[in-house]
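**Student:** This is the structure I want to talk about, given as structure tokens.
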Amino acid sequence: MLSFIIRRTLIIIPMALIVVTLTWGLVRLAPGNFYTGEKKLPAAIEANIKKKYGLDQPWYTQYGMMMSNIIRGDFGDSVKYQGQSVNEIITRHLPYSATIGILGYLLALLIGLSAGTFAALKQNSSFDYGSMSLAMLGLSVPNFVLGPLLVLVFSFWLYWLPPARWGGIAGLILPVCTLAAIYAAYIARLTRAGMLEVLRSDYIRTARAKGLDEKTVLFRHALRGGLVPVLSFTGPALAALLAGTVVVEKVFAIPGLGNIFIQSVFNRDEPLILGIVAFLSILIMVFNLIVDVCYGFLDPRIRYE
Amino acid sequence: MENRTSSCNNRLLALFLLWTTALGLVGCSTSASSKYFGRTSPPSDNVLRYVTGSEPETLDPQLPDGQPEARIFMALYEGLVEYGPKDQQPIPALAKSWEISPKVDEFIFHLRQDAKWSDGKPITANDFVYSLRRGFSPETTSRTAGLGYAIKYSEDFNGEKVFIKKDGRFLTEADLEPTPAKPSTPFGPETEFRKFMQSPTRLTIYGDEKKRTKVLDGDEKLKALVQGAEFVPIEGKDIGVEAIDDYTLRITLKQSAPYFLGLFAHQFFRLVPQHAIEKHGKDWTRPENIVTNGPFKIKEYRPYDRLIVERDPNYWDAKNVHLDRIDFYPVEENSTILNLYKAGSIDAFLNHTVPSSWINEVRQYKDEYLDFPEAATAYYSMNTTKPPFDNVKVRRAFLLGLDREALSKFRKITQPLYGKVPQGSFPDYAKAAAKVGEEIRNEKGIAADAWEKRYKFDPETARKLLTEAGFPVVKNGDQFECPTFPVDRLAINFNTNENNKSVAEFLQAQWKRNLGVTVPLKTMEFKTYLPFFKSLQYEGFAQFLWSGDYMDPYTFLSLQYGKDNEGAAGFYDPKYDKLLDDANVELDAQKRYELMARAEEYLMEQLPMIPLTVNATNWMKKPYVKGMYPNPGTLLPWKFVYIERNPAKWDKDVANIMNVPDAQVDQQLADLVSTQKAAQK
């Protein structure tokens, strides 16, 4: 197990560097520059900017400089938001995304797991149909529709909650609910499917035959197996949520990382793009590793050599 | 089981769709029934909550070129002059008065003696000298420095050029091409620096050896002249900015530039604090280090969330700053901004923000919605270097084949644009243009009504012109066809955006109907589009938006000036340049406008672009926000703004806001302007 974790950890860094290199290439291929605007810059000013950022150097020198900085953990300063370092921007805006992301996912887990489990236990009941239909609806309604709808009801009809912007618990409710809806739906369906499969398996029959009470069968045996699909979904989902969800952040004007990531691409803010991409790729790989490790605990059949 | 679930889902989905439609309908009808758009009650504190649009790039006023930053800088920094609240014309700020040399190539500013930085340090003329030298310094990498290039040697300093010294003296332009020496007329105190400024313009050349060799290789005469010379780098001290004494500043231009005074209100010319910059380096704009000199100073800054500024007691005119605080919120999503406004969480928001789907709804709130012409225009440039648009007849055919009144009606918030300069922003220029138009009409002997209609929708003439250009337009049933027009090579190009797309589709349909030509549409992401269109990689049409940098028609006319101009049509015409040059050396304002109007008329004959619309301000403010006007650039001098708590005095019918007197604003403005008026006498 330990050697598995070490092996996987060691691979994360070179993988992230490959991702950064590819991204760098793509950014360089994209037309336009961080300083191009509607108004043409005089040649002298363009030359000054190029000189300042080393853009007058050959590409391999630029790549070498970029890589040596990144290996030292320094992504440099944003070229758009001058005077702000990439590391500072990421650490400043991650908490916003992480807050709504984690809260949203917890809410989704709460709703999804309970609805999915109950639906599986009461298969073909009206609860099963009702909750699964609702889940289907949750999956089909994109959050750029759900968000404004919630705003309409809770901000303009009831005047209970603010329509947007960060601040206080009241401001969190709508974005968290918007975010949770689709994940709750997905988790509910995964849980239901997983549970249905597990409940029919031999070891559950064995557990029941042993005379274990239904609660123990459910929580000690069935749920563990039934959660494996949810777990494999959780890794990448949580990584994506932590890193920001562009649509919800835009609709509710939340200063999260997702919004900033998209803007950085539009701005051709190379250091910021590379910083966020590196951070995201490491995040996703770490979460996948955690998920893989957790499999071992949930499903005794999975063993790592 | 699967089937049952899915049919159940379908029914639910249908129900849901019905529900959302109902919500939409109810939403519209409830809001329209009240007098104001959403919640309307003044904030409990004396605060203005304003959405600025995108997050400011930096709080250093000399670096960015965007409007969201410009508005924030107007709260934090001040320069020699400020934009007037209604017309955006310069009003006194740190300079209480000024004098302009007869040739409009020198300015002397008399500064206030009671102005201070936010940390209490007095402001003197040396602060201006420092700020401008810093702004033009190549290390600062200001993107707006180009606006000030008319200041003597500033362009050379910014471009890292050098003076050429030979045999103990600096070479001048006269060494290259003998020109009669221009006599210097006295203006202000005669100083050593002024003698240098008034001496014949020195020759300059690139400091970088590679670039210099390239220039010299292409110019034998210069090469011979430079042989054995010494190169002296141009420094900040060489640019035309001089502190005559602590409170008198002189700025010298390399040529007459009658539009230049208005530029001094631009963010590039606002003061930056030498003491803070030297102490903190690039970190000087951090809230804990920043020193400002505007009516407000920073209280709290949380990037992407809020920038809160409070009244600065050290500001020289603090007693006339009515707001205690402004909360700037960076929000970019237009619907979100409207939601915040409707919920009463903000009091006003930036221009161009009401989405077209909301306009009919919002327009009913006559006390809040500001639809005024902007000093900003939309064009389609045509690539005149490639056929068929190298033929002026083709260009004209596409102009006349387009109903711009219909376009404006379709866009709901714009006015048709018939020339290069937007109508509505420059009333004096409009008068001059009418006069010149009449003269040209008489010269050419054209009937009055034909003259009036010369650029307006005329499909008949358009088809005739296209046929004359070699692309016959034929009638087929009730439709027109132009089978030989090479549409497969051409496109209407624009950057991806819902509005741009709807305009392009509208024009495509118009030209199809009127000329029988269906030009394909081509769209791309903004930063991809810019180089594509600026470097003339397109064929056909390219959408172009241009907003004025200063309040003078020249900011629009200069777009096609010079060889390497911004017009992105491949158009260059020395005759047009000559007309503009002649205008800019004319010192009488009205005559200058007339000469410019001639240039505009000439440009419209050459027609490198199809003017489409004059943009609209398109923003809202709550009726209790007063002293805030929809000026042509939405550049708001914040110290005039106040919150009116008495509903009887709230703004009504804002279409008339520019003409309704406001005693407080009018008095404040009159007091400010009085120092300059007194000096002029």
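**Student:** Order these peptides, A:61-67, A:42-48, by their mean beta-carbon neighbour count within 10 angstrom, highest first. Numbers along the way, then the final one.
**Tutor:** Details: A:61-67: 14.6, A:42-48: 19.0.
Highest mean packing first, the order is A:42-48, A:61-67.
**Student:** With just the Cα atoms of region B:299-341, tell me how far they stretch along each of the three principal axes, in Å, largest first.
**Tutor:** 38, 20, 11
**Student:** Need the full-extension length gain, B:Asp317 to B:Ser357, defined as separation in residues times 0.36 nm minus the C-alpha distance. One decimal, nm.
**Tutor:** Numbers: separation 40, 0.36 × 40 = 14.40 nm, distance 4.24 nm.
10.2 nm is the gain from fully extending B:Asp317 to B:Ser357.
**Student:** Ok, one more. May I ask which of B:Lys96/B:Lys116; A:Lys39/B:Lys86; B:Lys409/B:Lys435; B:Lys165/B:Lys563; A:Lys51/B:Lys211 have a Cα-Cα span longer than 19 Å here?
**Tutor:** Details: B:Lys96/B:Lys116 14 Å; A:Lys39/B:Lys86 26 Å; B:Lys409/B:Lys435 29 Å; B:Lys165/B:Lys563 30 Å; A:Lys51/B:Lys211 14 Å.
Listed pairs above 19 Å: A:Lys39/B:Lys86; B:Lys409/B:Lys435; B:Lys165/B:Lys563.
**Student:** Sort B:593-600, B:564-571, B:120-127 by packing, meaning the average of other beta carbons within 10 Å per residue, with the highest value first. Before the final figure, lay out the partial values.
**Tutor:** Details: B:593-600: 23.6, B:564-571: 19.1, B:120-127: 17.2.
Going by the mean number of other Cβ atoms within 10 Å, highest first, we get B:593-600, B:564-571, B:120-127.
**Student:** Hey, rough spin-label estimate for A:Ile169 and A:Thr21, points 7 angstrom out along Cα→Cβ, what's it come to in nanometres?
**Tutor:** 5.0
**Student:** Ok, one more. Report, in whole Å, the centroid distance computed from the Cα atoms of region B:378-412 and region B:106-122.
**Tutor:** Computed from Cα coordinates, the inter-centre distance equals 49 Å.
**Student:** Something else now. Distance from the Cα centre of region B:65-91 to that of region B:165-210, in angstrom?
**Tutor:** A separation of 34 Å, based on Cα centres.
**Student:** Continuing with the same structure: Dividing the alpha-carbon Rg of the protein assembly as shown by 2.2 N^0.38 Å yields what? Please list the in-between numbers first.
**Tutor:** On the way: Rg = 32.5 Å, N = 986, 2.2 N^0.38 = 30.2 Å.
Normalised by 2.2 N^0.38 Å, the Cα Rg of the protein assembly as shown equals 1.07.
**Student:** Using Cα pairs closer than 8 Å and at least 6 residues apart in sequence, work out the relative contact order for region A:93-266, in percent. Please report the intermediate quantities before stating the final value.
**Tutor:** Working: 240 pairs, mean separation 63.9, N = 174.
Computed over region A:93-266, the figure is 37 percent.
**Student:** Can you give the Rg to Rh ratio of region B:320-454, both from alpha-carbon atoms, with Rh computed by the Kirkwood formula? Kindly include the intermediate steps, with their values, before the conclusion.
**Tutor:** Numbers: Rg = 20.9 Å, Rh = 19.1 Å.
Looking at region B:320-454, the ratio lands at 1.09.
**Student:** Okay, next question. Give, ordered by residue number, each residue of region B:311-360 whose 1.4 Å probe accessible area is reduced by a minimum of 20 Å² on adding the remaining protein chains to the chain alone.
**Tutor:** When all protein chains are present, B:Tyr329, B:Val331, B:Glu332, B:Glu333, B:Thr336, B:Asn339, B:Leu340, B:Lys342, B:Ala343 each give up 20 Å² or more of accessible surface.
**Student:** Now, a different point. Be a star and scan region B:186-204 for residues whose amide nitrogen sits under 19 Å from the point 7 Å along the Cα-to-Cβ vector of B:Gln113.
**Tutor:** Taking a point 7 Å out along Cα→Cβ of B:Gln113, the residues of region B:186-204 whose backbone N falls under 19 Å are B:189.
**Student:** In whole Hz, what ³J(HN,Hα) sequence does region A:2-7 give by Karplus (6.51, -1.76, 1.60; θ = phi - 60°), x for Gly and Pro?
**Tutor:** 5, 5, 4, 5, 5, 4
**Student:** What is the spin-label model distance, in nm, from B:Ala670 to A:Leu10 if the labels are put 7 Å beyond Cα along the C-beta direction?
**Tutor:** Output for this residue pair reads 8.4 nm.
**Student:** Checking a compactness column here: for region B:387-479, what do you get for Rg(Cα) / (2.2 N^0.38 Å), N being the number of residues?
**Tutor:** Numbers: Rg = 15.8 Å, N = 93, 2.2 N^0.38 = 12.3 Å.
After normalising by residue count via 2.2 N^0.38 Å, the value is 1.28.
**Student:** If each residue of separation counts as 0.36 nm, what is the full-extension length gain between B:Tyr602 and B:Arg39 once their alpha-carbon separation is subtracted?
**Tutor:** 197.5 nm
**Student:** Just to check, using Stokes-Einstein with a Kirkwood Rh over alpha carbon pairs, what's the diffusion coefficient of region B:90-269 at 25 °C and 0.890 mPa s in µm²/s?
**Tutor:** Working: Rh = 17.6 Å.
After rounding, the answer is 139 µm²/s.
**Student:** Continuing with this model, one more query. Find the centroid of the Cα atoms in region A:2-41 and in region B:277-329, then give the distance between the two in whole Å.
**Tutor:** With region A:2-41 and region B:277-329 each reduced to a Cα centre, they are spaced 36 Å.
**Student:** Taking N as the number of residues in region A:191-305, what value does Rg over Cα atoms divided by 2.2 N^0.38 Å take? Intermediate values should be presented prior to the final figure.
**Tutor:** Values: Rg = 20.1 Å, N = 115, 2.2 N^0.38 = 13.4 Å.
In units of the 2.2 N^0.38 Å rule of thumb, it is 1.51.
**Student:** What FRET efficiency comes out for B:Asn46 versus B:Val660 if R0 is 22 angstrom and r is the Cβ-Cβ distance? Round to the nearest 0.05. Intermediate values should be presented prior to the final figure.
**Tutor:** Details: r = 23 Å, r/R0 = 1.03.
After rounding, the FRET efficiency stands at 0.45.
**Student:** Here's something else I'd like to know. For a Förster distance of 30 Å, can you work out the FRET efficiency between the beta-carbons of B:Glu438 and B:Glu468, rounded to the nearest 0.05? Working shown, then result.
**Tutor:** Numbers: r = 28 Å, r/R0 = 0.95.
Calculated value: 0.60.
**Student:** Normalise the Debye intensity by I(0) for region B:495-579, one equal point scatterer per Cα, no solvent, then take log10 at q = 0.12, 0.13, 0.17, 0.23 Å⁻¹ and round to two decimals.
**Tutor:** Here the Debye-derived log intensity ratios amount to -0.47, -0.55, -0.88, -1.15.
**Student:** Answer with one residue from A:Trp166, B:Leu530, B:Phe541: the one whose Cα lies farthest towards the positive end of the charge dipole of the protein assembly as shown, charges on Cβ with Lys, Arg +1 and Asp, Glu -1.
**Tutor:** So the residue furthest toward the plus end is A:Trp166.
**Student:** With the Cα gyration tensor of region B:375-616 in hand, give its eigenvalues times 5 under a square root as the equivalent ellipsoid semi-axes, listed largest first in whole angstrom. Could the numbers behind the result be given before it?
**Tutor:** On the way: eigenvalues 160, 89, 59 Å².
In descending order the semi-axes read 28, 21, 17 Å.
**Student:** So between A:Phe219 and A:Ser114, what do we pick up on full extension, going 0.36 nm a residue minus the alpha carbon distance?
**Tutor:** Details: separation 105, 0.36 × 105 = 37.80 nm, distance 1.21 nm.
Length gained, A:Phe219 through A:Ser114: 36.6 nm.
**Student:** Here is a further query. Label-point separation (nm) for B:Asp167 and A:Ser3, each offset 7 Å from Cα along Cα-to-Cβ?
**Tutor:** Inter-label distance under the simple model: 8.7 nm.
**Student:** Once you keep just the Cα pairs under 8 angstrom separated by 6 or more residues, what percentage relative contact order results for region B:370-476? Present the calculation step by step, with values, prior to reporting the outcome.
**Tutor:** Details: 83 pairs, mean separation 41.6, N = 107.
Relative contact order, region B:370-476: 39 percent.
**Student:** Separate question: Note down the Stokes-Einstein diffusion coefficient of region A:93-266 in µm²/s, whole number, using a Kirkwood radius over alpha carbon pairs, 25 °C, and 0.890 mPa s. All intermediate terms of the calculation are to be shown ahead of the outcome.
**Tutor:** Values: Rh = 17.3 Å.
Stokes-Einstein gives a translational diffusion coefficient of 142 µm²/s.
**Student:** Using only alpha carbon pairs under 8 Å that are at least six residues apart, calculate the relative contact order of chain A and give it in whole percent.
**Tutor:** Working: 362 pairs, mean separation 87.0, N = 305.
Dividing the mean separation by the residue count of chain A yields 29 percent.
**Student:** Now, a different point. Suppose R0 equals 35 Å. What FRET efficiency, 1/(1 + (r/R0)^6) with r the Cβ-Cβ distance, do B:Thr461 and B:Lys652 give to the nearest 0.05? Walk me through the numbers on the way to the answer.
**Tutor:** Values: r = 45 Å, r/R0 = 1.30.
The computed FRET efficiency comes out at 0.15.
**Student:** Is chain B rounded, prolate or oblate when judged by the Cα gyration tensor, a ≥ b ≥ c being the square roots of its eigenvalues, rounded requiring a/c under 1.5 and prolate requiring a/b larger than b/c? Please list the in-between numbers first.
**Tutor:** Working: a/c = 1.74, a/b = 1.14, b/c = 1.52.
In terms of gyration-tensor shape, oblate.
**Student:** Could you give me the ³J(HN,Hα) list for region B:118-124, computed from phi with Karplus coefficients 6.51, -1.76, 1.60 and θ = phi - 60°, whole Hz, x at Gly and Pro?
**Tutor:** 5, 9, x, 6, x, 9, 10
**Student:** Let me ask another. Quick one: what are the phi-derived ³J(HN,Hα) couplings along region B:507-513, Karplus 6.51/-1.76/1.60 with θ = phi - 60°, whole Hz, x for glycine and proline?
**Tutor:** With coefficients 6.51, -1.76 and 1.60, one gets 5, 4, 5, 4, 5, 5, 5 Hz.
**Student:** Under a 5 Å amide H to amide H cut-off, with H placed in plane at 1.01 Å, what residues pair with B:Ile244 once short-range neighbours are removed?
**Tutor:** For B:Ile244, whose amide H was placed from the backbone, the distant partners under 5 Å are B:Leu249, B:Arg250.
**Student:** A further question on this structure: Quick check: from the Cα gyration tensor, does region B:278-326 come out rounded (a/c under 1.5), prolate or oblate? Can you show the working numbers first?
**Tutor:** Values: a/c = 3.85, a/b = 1.39, b/c = 2.77.
Since a/c reaches 1.5 but b/c is at least a/b, the shape of region B:278-326 is classed as oblate.
**Student:** Here is a further query. Measuring with a 1.4 Å probe in the full set of protein chains, what accessible area per residue, in whole Å², belongs to the protein assembly as shown?
**Tutor:** Solvent-accessible surface per residue comes out at 43 Å².
**Student:** Hey, another quick one. Dipole size in debye (nearest 20) for chain B around its Cα centre, Lys and Arg Cβ +1, Asp and Glu Cβ -1?
**Tutor:** Working: 88 positive and 94 negative charges, 237 e Å.
The dipole of chain B has a size of about 1140 debye.
**Student:** Take the alpha carbon gyration tensor of chain A, find the square roots of its eigenvalues, order them as a ≥ b ≥ c, and report rounded if a/c is under 1.5; if not, report prolate when a/b exceeds b/c, else oblate. Could you put the intermediate results ahead of the total?
**Tutor:** On the way: a/c = 3.34, a/b = 1.63, b/c = 2.05.
It is oblate, given that a/c is not under 1.5 and a/b is not larger than b/c.
The values are calculated or read from the model by the stated rules, or taken from the named source; none is laboratory data. The structure presented is a predicted model; accordingly, all values stated were derived computationally and were not measured. When we count neighbours, we look across all protein chains shown, and the Cβ atoms used for this are built from the backbone with ideal geometry, even at glycine. With ligands, DNA and RNA removed, areas are computed over all heavy atoms of the protein, side chains included. Shrake-Rupley method; radii C 1.70, N 1.55, O 1.52, S 1.80 Å.
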